[in-house]
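Below is one structure, written out as structure tokens, with a few remarks after it.
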Amino acid sequence: MSSSQAQADLAGNGRAGRRRPRMSGIARKEAIAGYIAISPWLLGFLIFQLVPILAALYISSTEWRILSVPEFIGLRNFDKLLFNDDLFWQSIKVTVIYVIFRVPFSAMLSLALALLMNQQLAGRRLFRTIYYLPAVIPLVAVSMMWIWIFNPEYGVMNSIIRVFGIEGPQWIHSSRWALPALIIMSLWQVGTGMVIFLAGLQGIPAHLYEAATIDGANTWQKFLSITLPMLSPVVLFALVMNVIGSFQIFTQAYIMTGGGPGNATLFLVLYIYRNAFEWFHMGYAAALAWVLFLVVLIISIIMLRSSERWVHYEGRMGGA
């Protein structure tokens, strides 16, 4: 046998050795069963999510008035929103301010309620239900209720303020107070966050607190050294979901203020809705929607990347 033929045989044997082992009959059946089990979700994702996403990407590069044929215009929609649309930048400003104030205050209030509901208190199940109820009430009904609460003449909010001898503001009728009013309203619906934090608190091993008590740690030290580190993965999840939800605010502004007064509550999703279904600029609305998607995606990635420094996972040293 020549040396070249021997080398060829060795190379062939090496490739054969690197071949992936064939899937057994049982493993193949399990894989098929798994794909069949997830097929309803997979088909739903393809039909109702992936296809509309790709369609929106194409529509964003067109001029389309719904009743007319879409006309391809390239990146002109994105050029317009970045350099020639003051309302777009106003909607970005309003939405970012809402997110900046709503997310931390909502997270802190949810965590505070969860800590309170995690105590051995009489009637705690009833209170958990009461605090969670606002989260399941339809937003349209909630918005109508808060219109009455924020009424400057006979609303509950100003009636409470008048008790202290102070005349309350115009709230949703004022360009200065409309956005703070919607932020205050959002803090009423912290039940979902409370449930998430409560589940995380109940997953913390009790022996950690017992050991800290033996070492002489007080309540604040236990919170900083045990509760927050062990709860940090839940905090990350709650913050990411809170940010995504806050960027998508629509119903409250649409029902209560209509984006006013003076575009003071013109959130980005409301601006997308107006372009699509009031002004019939469907291509431009699709471009705005993609900007919203990219903004939320970038912020979510930044939060997830930064979590390596402050999120602690049990079994990993220093959260690394």
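The values are calculated or read from the model by the stated rules, or taken from the named source; none is laboratory data. All values derive from a computational prediction rather than experimental measurement. Every residue, glycine as well, gets a Cβ built from its backbone with ideal geometry; the counts of neighbours run over all protein chains shown.
Residues in the range 189-203 that are crowded, with 17+ Cβ neighbours inside 10 Å and not in a helix (DSSP H, G or I) were compared, and the one that is modelled with the lowest pLDDT is 189.
Quick one: is residue 280 hydrophobic (A, V, I, L, M, F, W, C), modelled with pLDDT of 95 or more and surrounded by fewer than 20 Cβ atoms within 10 Å (Cβ to Cβ)? So residue 280 does not fit the description; no.
Going by what's in this entry, would residue 266 be described as buried (at least 17 other Cβ atoms within 10 Å of the Cβ) and within 21 Å of residue 106 (Cβ to Cβ)? Considered against the rule, which asks whether it is buried (at least 17 other Cβ atoms within 10 Å of the Cβ) and within 21 Å of residue 106 (Cβ to Cβ), residue 266 comes out as no. Is it the case, given these coordinates, that residue 101 is at pLDDT 95 or above, in contact with a helix residue (DSSP H, G or I) (Cβ under 6 Å, 6 or more places away or on another chain) and under 17 Å from residue 279 (Cβ atoms)? When the stated conditions are applied, residue 101 does not pass them.
Could you check the range 206-320 for helices (runs of 4 or more DSSP H) lying wholly inside it with 1 or more residues that are within 30 Å of residue 80 (Cα to Cα) and over 18 Å from the mean Cα position of the chain (by Cα)?
Per the criteria, 251-256, 268-273, 282-310.
Per-residue answers, yes or no, for (1) exposed (fewer than 12 other Cβ atoms within 10 Å of the Cβ); (2) of a type outside the set (A, V, I, L, M); (3) modelled with pLDDT under 95:
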site	(1), (2), (3)
67	yes, no, yes
74	yes, yes, yes
115	no, no, yes
118	no, yes, yes
152	no, yes, yes
167	yes, yes, yes
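Do we find a residue being farther than 30 Å from residue 287 by Cβ and among the polar types (S, T, N, Q) anywhere in the range 66-73? Checked against the condition, which is being farther than 30 Å from residue 287 by Cβ and among the polar types (S, T, N, Q), the range 66-73 yields no hits at all. The requirement of being outside any loop (DSSP other than H, G, I, E, B) and either surrounded by 18 or more Cβ atoms within 10 Å (Cβ to Cβ) or touching a residue at least 40 places away in the same chain (Cβ under 8 Å) (or both) is not satisfied by residue 125.
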